[in-house]
Amino acid sequence: MKILLVDDSRAIAMVTCARLESFGHEVKHAINGQLAIDLFQSEPFDLILMDIEMPGMNGFETTTRIRALEGQEPWAWTPIIFVTATDTDSNLVTAIEAGGDDFIAKTVPENVLQAKMKAMARIAALRARLSLANNKLQDQANRDGLTGLLNRRAMDMQVDRLWEQAVAAGKPFSLLMVDIDNFKKYNDHYGHLAGDECLRAVAVCLGQCIQQVNDDLTAPGAFVARYGGEEFSVIIPDAPPGVHAGVAASLVEAVAALAIPHEKNGDYGVVTISLGAACLDPAVGQIKVLFRQADELLYKAKGVGRNRAEVA
């Protein structure tokens, strides 16, 4: 386990650290409550051993502040055991009200301390599994079931956050709206199962292209989302002006190169996309203005022949 030991006595802390490390645990020492809070915010711990009597901020207040930093989910909870020389009823009640979970004496026998640590290690393992399961569920909730891309809800949340950051920092923000050309005709001609496969193939292609853009650091932080139906969005939150034009052209070319047959797509004969790409530099006002501009450009691309990008 990774343990945070909070104790204002360096001598006691040195002995306690040695005992815990002899059991195979990693221990970090905070000499006061504020340092404990700072450490807790900077890195994860499996257990906190908290002294009660400390100058300035005592163990109860430190625990209350740490609990306030944690989320409401069970995997965000970190066990806190108070280490004290006076385990009175009053201290026990105050400790529980502050968010503590247990008491041990500073003079706890070796075998009792080891048994306590084994119990805490089991809890730490359970928390890790719970956190992993929650992260998987959260990721599934944010993904479109058909394409695996971010869904509309997750995209909106990401965009709102990234837009606020771009506005605050005075950075550019680009948005690409993508639509598969004549997709209704594709579905009518080839069937909905083939339509689903087409959507997946285009989604993979778009995702790979944007991943390459990120890997090349042309537009770090760019991502693709399924906007709805046969529409996709590409978000480029921080890239020099003009990058969005190059990305747009590469996406149109990459999808056409898939050479997915589409007899009803005019003279092209394969699946193609139309795209509207807009950029605001710097980002100002409301994000809906950028969406409206990109959408208008998309319809312009479709109106002048499809299989192309219109860029502003």
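The values are calculated or read from the model by the stated rules, or taken from the named source; none is laboratory data. Remember, it's a predicted structure, so these values are computed and weren't measured experimentally. Cβ coordinates were reconstructed from backbone atoms using ideal geometry, including for glycine residues, and neighbour counts include every protein chain displayed.
Quick notes on this one:
Table: residues versus (1) hydrophobic (A, V, I, L, M, F, W, C); (2) assigned by TED's automatic domain parsing to the domain that holds V83; (3) at negative phi.
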position	(1), (2), (3)
A115	yes, yes, yes
A119	yes, yes, yes
L126	yes, yes, yes
L132	yes, yes, yes
N135	no, yes, yes
D160	no, no, yes
A169	yes, no, yes
S174	no, no, yes
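- Of all residues in the stretch 236-274, those satisfying the criterion of being more than 14 Å from F183 (Cα to Cα), modelled with pLDDT of 95 or more and not in a helix (DSSP H, G or I) are L258, A259.
- Among the helices (runs of 4 or more DSSP H) confined to the stretch 80-173, the ones with at least 2 residues that are among the small types (G, A, S), loosely packed, with under 14 Cβ neighbours inside 10 Å and under 32 Å from the mean Cα position of the chain (by Cα) are located at 110-141, 152-169.
- Per the conditions (1) more than 22 Å from G207 (Cα to Cα); (2) in a helix (DSSP H, G or I); (3) touching a residue at least 24 places away in the same chain (Cβ under 8 Å), the sole criterion not satisfied by V289 is (3).
- Qualifying residues in the stretch 262-273 (those that are touching a residue at least 60 places away in the same chain (Cβ under 8 Å) and touching a helix residue (DSSP H, G or I) at 6+ places or on another chain (Cβ under 8 Å)) - the one surrounded by the fewest Cβ atoms within 10 Å (Cβ to Cβ): E263
- When the stretch 53-97 is filtered for residues that are within 24 Å of A121 (Cβ to Cβ), out of contact with any strand residue (DSSP E or B) (no Cβ under 9 Å at 6 or more places or on another chain) and modelled with pLDDT of 75 or more, the ones remaining, listed by number, are L69, E70, W77, I96.
- For the stretch 184-214, the set of residues classified as hydrophobic (A, V, I, L, M, F, W, C), in contact with a helix residue (DSSP H, G or I) (Cβ under 9 Å, 6 or more places away or on another chain) and either within 22 Å of V243 (Cβ to Cβ) or without any contact (Cβ under 8 Å) to a residue 24 or more places away in the chain (or both) consists of A194, V202, C205, L206, C209, I210, V213, listed by residue number.
- Residue pairs whose Cβ atoms lie under 8 Å apart, sitting 6 or more positions apart in sequence or on different chains, and linking a residue in the stretch 115-139 that is closer than 23 Å to S22 by Cβ to a partner that is in a helix (DSSP H, G or I), are M117/L20.
- Residue list for the stretch 19-34, restricted to those being aliphatic (A, V, I, L, M) and more than 21 Å from A124 (Cα to Cα): I31
- Verdict on G242 being free of Cβ contacts under 8 Å to residues at least 40 places away in the same chain, small (G, A, S) and surrounded by fewer than 16 Cβ atoms within 10 Å (Cβ to Cβ): yes
- Residues of the stretch 174-190 that are in contact with a Lys or Arg (Cβ under 6 Å, 6 or more places away or on another chain) and in a helix (DSSP H, G or I): K185, H189.
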